[in-house]
Amino acid sequence: MNSWLVYLLEDNEEDAYLVREYLSQLNSKRRFRVKVFNTIESLKQTLGSVMPDALLIDLNLPESLGLNTLVTVKQFASNVPIIVLTGNTEEQFGEKAIQLGAQDYIPKQDLSGPLLGRTIVFSKERFESHRNLAQLVQLDRLTMLYNRGAFDEQLQIAIRNAGRHQLKFALLFIDLDKFKPINDQYGHQAGDQLLRLIGAKLKMFNRASDYIARYGGDEFVIIASHVETKEQLEMLVRAKYEQLADSYCIEDQDGGIVEVELQLSIGAVLYPEDGIDSDALIAMADQAMYDAKSADLHYKVAAI
């Protein structure tokens, strides 16, 4: 029997008891475990460590009322499907909740075990489907890394988070050297194969917190958190270079196997020392990469 974890934000003990009872009495292939929270803050703290399969929320709490509760919760619970439990029977109210990010809503007067169970299951399935589609839009089809658009969004998020919490992060700009001659000599399918191999190696050796994207053509970028100093950044860049600068076996346009020695150039910058907005950081990292390429240094950290 599958076990689903459901969080319930509800300050009314009787309503919380009813939800638990309804779900515990369901005769289905799934068993629902319900954990109740009576404040937004207690829910937020737990969501930081353990994510549920679904989140049920009552909108009227001592600390927050109405749709404002949904907006507040959505700010820290964007990765979990939210179902609104409401005493408001107006259909337009439920539609507004969905417009603001809820997967579904249930008027409390209509609560029942089967309805709760179906709504939780369908909401999770719909949420996962939408998330998978959104992720496909964000992926580069050749390398299956994040694409340029996804990177631009993530860099803005990284800047906001770092600025708010006084954190640092690094940006690495990677360019493959003499990639065009490989395309010209062995064919575009060989170049595509090489890009896929580089993408796979970047994913294989990445840190869990790294955000890797194909920036375009033969250029790749990495947003690396938990980098505090230029010395740490230089160690990271050196490691990335040694991982990627290697020999690769690819097929040429005639079906033969060829081995190419790949060299690359990496430029790296640190936020906020080298820039406080995305344009400045990208321009500085790009310039450091070209400086490394021009001086045959292979990699360069800005201002070192």
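The values are calculated or read from the model by the stated rules, or taken from the named source; none is laboratory data. Since we're looking at a predicted model, the values are computed, not measured. Ideal geometry is used to build each Cβ from the backbone, glycine not excepted, and the neighbour counts take in all protein chains shown.
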Query raised in the report: Which one of the conditions (1) surrounded by fewer than 20 Cβ atoms within 10 Å (Cβ to Cβ); (2) at pLDDT 90 or above does Leu136 fail to meet, given that it meets all the rest?
Result: (2)
**Report entry** Number of positions in the range 207-220 that are surrounded by fewer than 24 Cβ atoms within 10 Å (Cβ to Cβ) and assigned to a strand (DSSP E or B)
**Finding:** 5
Query - Flag if Asp296 is in the same structural domain as Leu176 (by TED's automatic domain parsing), modelled with pLDDT under 95, surrounded by fewer than 21 Cβ atoms within 10 Å (Cβ to Cβ) and touching a Phe, Trp or Tyr at 6+ places or on another chain (Cβ under 7 Å) - result: no
Report summary line: Taking the range 119-174 and the residues there that are in contact (Cβ under 8 Å) with a residue 40 or more places away in the chain and part of a strand (DSSP E or B), the one that is farthest from Leu56 (Cα to Cα) would be Ile174
Report summary line: By residue number, the members of the range 85-118 that are at pLDDT 90 or above and within 20 Å of Ser129 (Cβ to Cβ) are Ala102, Gln103, Asp104, Tyr105, Gly117, Arg118
Report summary line: Filtering the range 32-70 down to residues that are of a type outside the set (S, T, N, Q), farther than 22 Å from Gly94 by Cα and either loosely packed, with under 13 Cβ neighbours inside 10 Å or free of Cβ contacts under 8 Å to residues at least 12 places away in the same chain (or both) yields Glu41, Gly48, Val50
